[in-house]
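Throughout, read-outs are computed from the coordinates displayed, never taken from laboratory work. As the structure is a prediction and not an experimental result, all values here were calculated from the model. All Cβ positions, even for glycine, are placed from backbone atoms using ideal geometry, and neighbour counts span all protein chains on display.
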Amino acid sequence: MNKPMLAQIEQRLPSLSTAESKVAQLILAQTHAIAKSALGDVAQLAKVSEPTVIRFCRSMGYDGWPDFKIKLAASLMVGVPYVHSSLSASDGTAALAAKVLDNAVSALLRVRNDINADRLDDAISLLDNARRIEFYGVGNSGIVAADAQHKFFRFDVSTVAYSDTHTQLMAASLLGPNDVLVAISHSGRSRELLDAVKLALDNNCPVVAITASNTPLAQLATVMLRADTQEDTAIYSPMISRLVHLALIDVLALGLALKRGHDVSRVLEKTKQSLRDRRQA
């Protein structure tokens with residue numbers, strides 16, 4: 001999410017139904033208590049039905065009460081506030097470093113708290129069973145795609161990264177149901193990338209998307225991994241989103257390594273051995 005949970009709830013209040021508004025107002029008034037409460041208790045305190053509480057959670061973009069409750073509790077425990085510190089020309093070096101690093105830490109914590117474990121499991125399972133994995137990204141996301149390819153090929157997986165949009169279109173037309181396309185995009189609106197994704201889907205190739213919520217790419221994805229960051233990419237080149245995307249790639253890579261266990265350890269040892277003789281003592 002681009003905003004803290006409580007700020008988002010407060011902003012959405014006018015658009016909620018009367019019953020859902022009761023749930024929202026209760027959460028805003030008794031946040032810490034509600035974060036520890038069961039579904040039935042919340043419904044009773046808000047004087048609404050349990051399905052109304054669930055509808056409220058889904059209106060806010062969560063899978064249900066358990067998902068909402070976990071994210072709410074996590075947001076209350078985060079030590080770094082969800083604040084986006086804008087840089088200004090008057091900032092000294094110390095302020096510049098603090099703002100850049102604070103923004104990066106806040107973004108990573110936000111994504112950690114928003115992680116959907118079921119979606120991660122689905123994505124890792126798709127990657128584990130894939131005959132071939134292709135990573136697509138444009139611009140800065142192309143750099144993330146290249147990093148992903150560098151991580152995954154060491155697991156003895158047939159994999160490639162493409163950042164050229166014409167190549168993406170041609171390659172996507174050759175993908176099939178036994179392959180996986182991982183599409184990476186901060187905006188989720190790159191027309192050429194979306195065209196490649198649609199081609200892959202037409203061939204029944206599953207698509208794992210690392211992108212922001214409520215984007216065209218998120219809506220197309222077989223599995224969407226949410227990577228919401230607060231960043232003005234109209235002025236600056238995406239920086240925080242790149243760090244978040246790289247972190248999610250690491251999660252996928254390590255998840256695949258753990259799933260494959262000893263086989264991955266053996267393959268990684270072979271790749272490390274190939275480099276040992278190339279290093280100076």
Which chymotrypsin sites (Phe, Trp or Tyr not before Pro) from region 153-260 combine a DSSP loop assignment with at most 16 other Cβ atoms within 10 Å?
-> Y236
The extension gain from L258 to E10, computed as 0.36 nm times the residue separation minus the Cα-Cα distance, is 85.2 nm
Between E50 and L108, with labels modelled 7 Å along Cα→Cβ, what's the label distance in nm to one decimal, could you check?
-> 4.0 nm
With 0.36 nm assigned to each residue of separation and the Cα-Cα distance removed, I115 to K36 gains 26.5 nm
So K198 and Q25, fully extended at 0.36 nm per residue minus their Cα-Cα distance, gain in nm 58.2 nm
